[in-house]
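The values are calculated or read from the model by the stated rules, or taken from the named source; none is laboratory data. Since we're looking at a predicted model, the values are computed, not measured. Positions of Cβ are generated from backbone atoms using ideal geometry, with glycine treated the same way; all protein chains shown enter the neighbour counts. Each accessible area value is taken on the protein alone, full model and side chains, heavy atoms only, with ligands, DNA and RNA left out. Shrake-Rupley method; radii C 1.70, N 1.55, O 1.52, S 1.80 Å.
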Amino acid sequence: QVQLVESGGGLVQPGGSLRLSCATSGTIVSLNAMGWYRQAPGKQRKLVARITSGGSTIYADSVKGRFTISRDNAKNTVYLQMNSLKPEDTAVYYCNLVQLPTQSWGQGTQVTVSS
């Protein structure tokens, strides 16, 4: 069984930065994809960024140029560096791990961007 634990969320002013981390434990296979999703109140959970075990990345259009996803395969940890944060980035951010045919989710970490 895989467990994902997010950290690094919090309150930040517009224009500020935060770095989220997601540590995994359990059985991790070499071929997988890790990502970050977010869910704002009353809205659906949406993909923010994803990175494969080979290092390929995809980003939501709304965060391109501001967010960077990275991973440490030795530690099975994924990061999300968030710069130039905007109020519309406010949401609960969830870590996701896909190891076909299954996927796992973290418990989420709150990010609030407000002055």
*Over the stretch 40-105, calculate the relative contact order: mean separation of alpha carbon pairs under 8 Å at least 6 apart, over the residue count, as a percent.*
22 percent
_Carbon plus sulfur fraction of accessible area for the chain, probe 1.4 Å, in percent_ = 49 percent
_Whether the chain is rounded, prolate or oblate, judged on the alpha carbon gyration tensor where a/c under 1.5 counts as rounded_ = prolate
*Residue-wise, which Karplus ³J(HN,Hα) couplings in Hz belong to the stretch 3-11, taking 6.51 cos²θ - 1.76 cosθ + 1.60, θ = phi - 60°, and x for glycine or proline?*
10, 10, 10, 8, 8, x, x, x, 9
*How long is the gain from Thr52 to Gln81 if the chain were fully straight, where each residue apart is worth 0.36 nm and the alpha carbon distance is subtracted?*
8.8 nm
*Å² per residue, accessible surface of the stretch 6-115 at 1.4 Å*: 53 Å²
*If you take the beta carbon distance between Leu31 and Ser70 as r and set R0 to 22 Å, what does 1/(1 + (r/R0)^6) give as a FRET efficiency, to the nearest 0.05?*
0.75
